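The values are calculated or read from the model by the stated rules, or taken from the named source; none is laboratory data. Here the structure is a predicted model, which is why all the values come from computation and not from measurement. Because the Cβ atoms are built from the backbone with ideal geometry, glycine has one as well, and the counts that use them run over all protein chains shown. Surface accessibility is based on the protein's heavy atoms, side chains included, excluding ligands, DNA and RNA. Shrake-Rupley method; radii C 1.70, N 1.55, O 1.52, S 1.80 Å.
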Amino acid sequence: MAKGFTFKQFHVNDHGCGMPVSTDGVMLGAWAELPASGQILDVGTGSGLLALMAAQRTADHGNVITAIEIDDGAAQAARRNFADSPWAERIGLAHQTVQEWANQQPAGSVAAIVCNPPYFNHGEQAGCQARATARHTDTLPHHELLAAIRHLLSPSGVASLILPVYEGEQLIESARAHQLFCQRVCEVKTTERKAPGRLLIALTAGPSAQLNEQLVIHQNGVYSQAFVALTKAFYLKM
């Protein structure tokens, strides 16, 4: 049996990646707003999950997708996963930091950005360097990520991210200093009785009324109808 995680239209081998395939990533990949045309950027692609989900969702439009990854092992895994997918010709990998990549691109050249960013600003780091890089903001401080997003995002573009609630609220507040504004925010709860654990965030380069949403993953011991509707195009058993 192949290692990793098999979805309906592609397989992800996440061996060697700091962060394996997660529910966070799948929710973001399914929730993110994607354009009918224009370049899509996956920042910190890891195993390539978000880039592959974006490719599946835009299969009818043929958007070019660029995946950025700085970790050697993850970049190698992503390349293999892209090559083995139905959309190999549409996904390119940039093995560098988003800060470096952004400096090489014209302003406003990206139609959509997806990012499951590092979120620990302090505390003990994971012993595995790849995992530490994926989880801690040392190599991608949020203010540098926001600066790159602001430079790259087209006037009508949307950047979609997922973060724990506290870090997400901080990022939304910090985004204003970069002239980025929260268009949508979705509170994610594992069950109805639990407090939100994640925020799905959509940022735009122009002010807009904020749409507030909520997603509950489990209800009565099974996946909620809303979660199934969001992810059923990807999960095999949905």
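Residue-by-condition table, conditions (1) outside any strand (DSSP E or B); (2) under 21 Å from the mean Cα position of the chain (by Cα); (3) of a type in the set (D, E, K, R):
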| site | (1), (2), (3) |
| --- | --- |
| Ile201 | no, yes, no |
| Ser208 | yes, no, no |
| His218 | no, no, no |
| Phe234 | yes, yes, no |
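Among the residues of segment 153-196, those that are farther than 17 Å from Phe227 by Cβ, buried (at least 16 other Cβ atoms within 10 Å of the Cβ) and among the aliphatic types (A, V, I, L, M) comprise Leu153, Val158, Ala159, Leu161, Leu163, Leu171, Ile172, Ala175, Leu180, Val185. Given the structure, is Leu41 in contact (Cβ under 8 Å) with a residue 12 or more places away in the chain, of a type outside the set (S, T, N, Q) and in a strand (DSSP E or B)? The answer is yes for Leu41.
Are there any helices (runs of 4 or more DSSP H) wholly within segment 117-185 with 2 or more residues that are at pLDDT 95 or above and among the charged types (D, E, K, R), and if so which? Step through it out loud before you land on a result.
Working: elements: 129-135, 142-152, 165-175.
Here the list reads 142-152, 165-175.
Scanning segment 8-23 for residues that are open to solvent by less than 60 Å² (accessible area, probe 1.4 Å) and in a loop (DSSP other than H, G, I, E, B), we see that the one that is nearest to Lys232 (Cα to Cα) is Phe10. Ala59 meets all of the listed conditions (1) without any contact (Cβ under 8 Å) to a residue 40 or more places away in the chain; (2) crowded, with 17+ Cβ neighbours inside 10 Å; (3) not in a helix (DSSP H, G or I) but one, namely (2). Restricting Ala67, Ala75, Ala36, Ala30 to those that are open to solvent by 10 Å² or more (accessible area, probe 1.4 Å), among the hydrophobic types (A, V, I, L, M, F, W, C) and free of Cβ contacts under 8 Å to residues at least 40 places away in the same chain reduces the list to Ala36.
Suppose the filter is at pLDDT 95 or above, out of contact with any strand residue (DSSP E or B) (no Cβ under 7 Å at 6 or more places or on another chain) and either over 22 Å from Pro117 (Cα atoms) or open to solvent by less than 60 Å² (accessible area, probe 1.4 Å) (or both); does Ala229 pass it?
Working: at pLDDT 95 or above: yes; out of contact with any strand residue (DSSP E or B) (no Cβ under 7 Å at 6 or more places or on another chain): yes; either over 22 Å from Pro117 (Cα atoms) or open to solvent by less than 60 Å² (accessible area, probe 1.4 Å) (or both): yes.
Yes, satisfied.
The residue that is least open to solvent (accessible area, probe 1.4 Å), among those in segment 78-87 that are assigned to a helix (DSSP H, G or I) and out of contact with any Ser or Thr (no Cβ under 7 Å at 6 or more places or on another chain), is Phe82.
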